[in-house]
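Asker: Submitted below is the structure of interest, expressed as structure tokens.
The values are calculated or read from the model by the stated rules, or taken from the named source; none is laboratory data. This structure is a prediction, so every number in the text was calculated from the model and none was measured. Methodologically, a virtual Cβ is constructed for each residue, glycine included, from the backbone with ideal geometry; neighbour enumeration extends over all protein chains shown. All accessible areas refer to the heavy atoms of the entire protein, side chains included, with ligands and DNA or RNA removed. Shrake-Rupley method; radii C 1.70, N 1.55, O 1.52, S 1.80 Å.
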Amino acid sequence: MLSRRGLVRGVLGASCAALAPSLPAWSTPAVPADDAADMVRFIAALPKAEYHVHLEGTLEAEMKFALAKRNGLDLPFADVAAMKASYVYHDLPSFLAIYYDGMKVLRTEQDFHDLAYAYLARAASQNILYAEMFFDPQEHLKRGVPMAAVIGGITSARESAAAQLGIGSQLILCFVRDLSAESAMETLNAALPFRQHLVAVGLDSDEKDHPPIKFAAHFAKARAAGLKVTAHCDLNQKDILEHIRQAIVDIRVDRIDHGGNILESPELIAMARARNLSFTVCPSFSGTVRGEAPPIDVVRGMLDAGLNVTINSDDPAYMGSEYLNEVLVQAQARSALTKAELVGLSRNAFKAGWMGEAPRAACLARLDAFARAEGVTG
Ligand code: ADE
Ligand code: ZN
């Protein structure tokens, strides 16, 4: 029988990702225990950045109970263990149902502050120097939470985390692509007065029959306001190559979230390389591109194709509470990443961040010092 962990993993392979089979456990190369422990240490100490993490996807079960109590809400679970046991899904829509239900406990500015601060504290403890975080305001506005409370709470957490923990961060407003284009435009209009607290707009949620082009006017308006643009092209979705094409050619995104199916199209790979586009890959459960056997390992395939890959945790609270270090440890083993490649992934991330040039130089200097101290070149 599958362990609970095994079950959640397999199921989540489909969450962000879809329905490609994960590599079987026996395919992971055997690594001597000393080497494995050294790799865990190396990854923990590596200076890192993270750009594909949904704040609502960091809402841990323990915090859900605390917020429900504070807000006088009843939850249909006896305890944390029972709640976590309900995190079982088999595709993106069934994951999203759990994710959207879970975020209903977020009601006040303080709730959003606490959520964002908890993620940033965890990130700082993992040597993440800088993070760009998604949030889904449409879902909160629906419940009557004002935009000012959502963005205000997250912003005060970012400021506190920068001052107290030294972690830099910025915020990406996502359009929920399976809601209407009108709803997304209303949300953008409600957010523009808070423009100075945002760095970009993104596109997430259920991708089936909701192509990037549906939001062309939104992206154009956001860009005119000085925001960057990114979009999820989740793994193995219907029409995924057309979605990637639209993102690159029609929308001219500044980055792509996931995007692993690009490996099926040499033409799209050439376009992405010509544009020097970066990809925020979340390999935890979405390790392989569908199609002909043998399946393609996304991280290895994208690196070998010369694409700018960054590694990210996506929705860690729903993925076994595995944050970036844990995700990287597994990606290292699955994709046989060398220490030089791990340093290269962090370098890609610092280069891909929408931060100022001074913080970028500082992050890169920290990375170079780390690599030198570890004797890693490349
Ligand atoms: N919203 C939250 N997590 C998501 C994911 N992994 N893919 C698409 N939309 C999401
Ligand atoms: Zn995502």
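Asker: Toward the positive end of the charge dipole of segment 41-374, about the Cα centre and with charges on Cβ (Lys, Arg +1; Asp, Glu -1), which of 220, 88, 205 goes farthest?
Answerer: Of the candidates, 220 comes out farthest on the positive side.
Asker: Could you work out the helix-only [θ] at 222 nm for the chain, with each DSSP H run of four or more residues adding -39,500 (n - 2.57) and the total divided by the number of residues, to the nearest 500 deg cm²/dmol?
Answerer: For the chain, the value works out to -14000 deg cm²/dmol.
Asker: Report for the chain the percent antiparallel among DSSP-assigned beta bridges with both residues inside it, nearest 5.
Answerer: Here the share of antiparallel DSSP bridges comes out near 5 percent.
Asker: ³J(HN,Hα) across segment 126-133 via Karplus (A = 6.51, B = -1.76, C = 1.60, θ = phi - 60°), whole Hz, x for Gly/Pro?
Answerer: 9, 6, 7, 8, 7, 9, 10, 10
Asker: Per residue, what accessible area does the chain have, given a 1.4 Å probe and all protein chains present, in Å²? Present the calculation step by step, with values, prior to reporting the outcome.
Answerer: Details: 14670 Å² over 378 residues.
Result: 39 Å² of accessible area for each residue.
Asker: Rounded, prolate or oblate for segment 336-378? Axes are the square roots of the Cα gyration tensor eigenvalues, ordered a ≥ b ≥ c, and the cut-off for rounded is a/c under 1.5.
Answerer: Judged from the Cα gyration tensor, segment 336-378 comes out oblate (a/c at least 1.5, b/c at or above a/b).
Asker: Further question: Report the relative contact order of the chain, percent, no decimals, based on alpha-carbon pairs under 8 angstrom and at least 6 residues apart.
Answerer: Averaging sequence separation for qualifying contacts and normalising by length gives 21 percent for the chain.
Asker: Could you tell me what percent of the DSSP beta bridges with both partners in segment 212-368 are antiparallel, to the nearest 5?
Answerer: Values: 2 of 13 bridges.
Beta bridges within segment 212-368, antiparallel portion: roughly 15 percent.
Asker: Taking K and R as +1 and D and E as -1, what net charge do the other residues with C-beta under 15 Å from the C-beta of residue 156 add up to?
Answerer: Summing Lys/Arg as +1 and Asp/Glu as -1 gives -3.
Asker: Using Cα pairs under 8 angstrom and six or more residues apart, how large is the relative contact order of segment 219-378, in percent?
Answerer: After rounding, I find 15 percent.
Asker: Still on this structure: Using the Cα gyration tensor of segment 41-374, with a ≥ b ≥ c the square roots of its eigenvalues, what is the shape: rounded (a/c below 1.5), prolate (a/b larger than b/c) or oblate (neither)?
Answerer: rounded
Asker: Kindly state, as a whole number, the per residue volume in cubic angstrom of the convex hull around the alpha carbon atoms of segment 105-244.
Answerer: Numbers: hull volume 16.2 nm³, N = 140.
Dividing the Cα hull volume of segment 105-244 by its residues yields 116 Å³.
Asker: Using a 1.4 Å probe on the protein chains only, how many percent of the accessible area of the chain belongs to carbon and sulfur? All intermediate terms of the calculation are to be shown ahead of the outcome.
Answerer: Working: 8540 of 14670 Å².
Answer for the chain: carbon and sulfur cover 58 percent of the accessible area.
Asker: Treating only the Cβ of Lys, Arg, Asp and Glu as charged (+1, +1, -1, -1), what charge dipole size does the chain show about its Cα centre? Round to the nearest 20 debye.
Answerer: Approximately 600 debye in magnitude.
Asker: Near residue 352, within a Cβ-to-Cβ distance under 12 Å, what is the net charge of the other residues, with Lys and Arg +1 and Asp and Glu -1?
Answerer: +1
Asker: Any idea what the alpha-carbon Rg over 2.2 N^0.38 Å comes to for segment 24-180?
Answerer: Working: Rg = 17.7 Å, N = 157, 2.2 N^0.38 = 15.0 Å.
Its radius of gyration relative to the 2.2 N^0.38 Å reference: 1.18.
Asker: If you don't mind, there's one more thing I want to ask. With +1 on the Cβ of every Lys and Arg and -1 on the Cβ of every Asp and Glu, and nothing else charged, how large is the dipole of segment 158-312 about its Cα centre, in debye rounded to the nearest 20? Show your work: numbers first, answer last.
Answerer: Values: 16 positive and 19 negative charges, 115 e Å.
My answer is approximately 560 debye.
Asker: Indicate the gyration tensor shape class of segment 193-236 (rounded, prolate or oblate), computed on the Cα atoms with a ≥ b ≥ c the square roots of the eigenvalues: a/c under 1.5 is rounded; otherwise a/b larger than b/c is prolate and the rest oblate. Spell out each step's value before the answer.
Answerer: On the way: a/c = 2.86, a/b = 1.94, b/c = 1.47.
Prolate shape, in that a/c is at least 1.5 and a/b is the bigger ratio.
Asker: Can you list the residues, at least 5 places off or on another chain, whose amide H is less than 5 Å from the amide H of residue 131, using H built in the peptide plane?
Answerer: Those lying under 5 Å, H to H, from residue 131 are 50, 168, 169, 170.
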